[in-house]
1. Efficiency by 1/(1 + (r/R0)^6): what FRET value for Thr3 and Glu213, r their Cβ-Cβ distance, R0 = 25 Å, to the nearest 0.05?
2. Which net charge results when you count Lys and Arg as +1 and Asp and Glu as -1 among the other residues whose beta-carbon is under 14 Å from that of Thr3?
3. Using just the C-alpha positions of the range 39-123 as equal point scatterers, what log10 of I(q)/I(0) does the Debye formula give at each q in 0.15, 0.21, 0.23, 0.24 1/Å?
4. To the nearest 500 deg cm²/dmol, what mean residue ellipticity at 222 nm is calculated for the chain from DSSP H runs of n ≥ 4 alone, each contributing -39,500 (n - 2.57), summed and divided by the residues?
5. Of the listed values [x] 12.7; [y] 12.0; [z] 14.5, grab the one calculated as mean projected area of the Cα convex hull in nm² from the structure here.
6. Under 8 Å for C-alpha pairs, at least 6 residues apart: give me the relative contact order for the range 195-259, rounded to a whole percent.
7. Could you check which residue among Arg144, Arg181, Arg119 shows the biggest mean-square fluctuation in a GNM of the chain with a 10 Å Cα cutoff?
8. Suppose R0 equals 35 Å. What FRET efficiency, 1/(1 + (r/R0)^6) with r the Cβ-Cβ distance, do Val131 and Val238 give to the nearest 0.05?
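Taken together, the values in this text are just the output of simple stated rules run on the coordinates, not laboratory data. Since the model is a prediction, treat every value here as computed from it, not as a measurement. Don't worry about glycine lacking a Cβ; one is built from the backbone with ideal geometry, like all the others, and counts go over all protein chains shown.
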Amino acid sequence: MSTDPDATLAAAAFGDEPGRWPLPPATNPAQRWLRAVAAGGQGRYAGAATDLAALLREIPGGPLASLAHSTQGSFLRQLGGHDLARGFDGRALVLAGDDPQARADALVGLAADALGGGRYAASATLLGRAVAEGSTGPARLAVRRHWVTAELAMVTGDGNTAVRNAERAVELTPADMVRHRVKSQVVLAGALCCAGKIDRARTVADAALGDTERLGLVPLGWALASMLTDVGSATKTVEELRGMREDAAELIRRRGGTWRHR
């Protein structure tokens, strides 16, 4: 186990230790961003917001500030606040300047906001811009684009496109990006439901639910328990799933999350 805080926080945020807690303290803006990403993945929204606020006090502009705003937008979306997230993602795009990676992150966030607000054509346009901006860069950029593209296809009833993009996200997610791999499975399960492939969706979702329990990824666990409550599980009863969903929702509230939908 690394004693280097940069490596430890990177492994928690984007690597193979997404469930690590407690996290080491952050001593610079880049570490604060990684710490916030990792804490948010566990549903520790109050702690994540504290780190992001400290980051923005130190560096109010530029690509890292843009990423901080994109990250806050993603937390708001996870809790159903797409309209609120839009403001953060719009600010992220302004702060990104000409940095292609920060711009791509902001554009994907805006596409997800538009999707959540029912502005499907705008979402598709923003995803197209994100492809142009982020054709190179970290693997997570392409993975996020495919997540939102799959979600857009789901809400517009195109199950085949949804599955194709969700499977591409699974393929593109590096093995050591554990939280992203679980999220890709969540998106795939939803896409399979949309395509009418319920048995396979149930299998994928059951496996991913076990991963969220093992890793402490509470927001993803809430999403999977909600999905499986509707389609059924091979390993949990409906009553167990409802209990898991409510327990996750309550834990998120205790950790500083404010639900905009339930």
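1. It comes out at approximately 0.35.
2. Value of the local net charge: -2.
3. For the range 39-123, the Cα-only Debye profile gives -0.49, -0.92, -1.06, -1.12.
4. Dividing the helical sum by the residues of the chain leaves -24500 deg cm²/dmol.
5. Step by step, mean projected area of the Cα convex hull in nm² for this structure corresponds to label [x].
6. 31 percent
7. Greatest mean-square fluctuation among the candidates belongs to Arg119.
8. Working: r = 40 Å, r/R0 = 1.14.
For Val131 and Val238, the calculated efficiency is 0.30.
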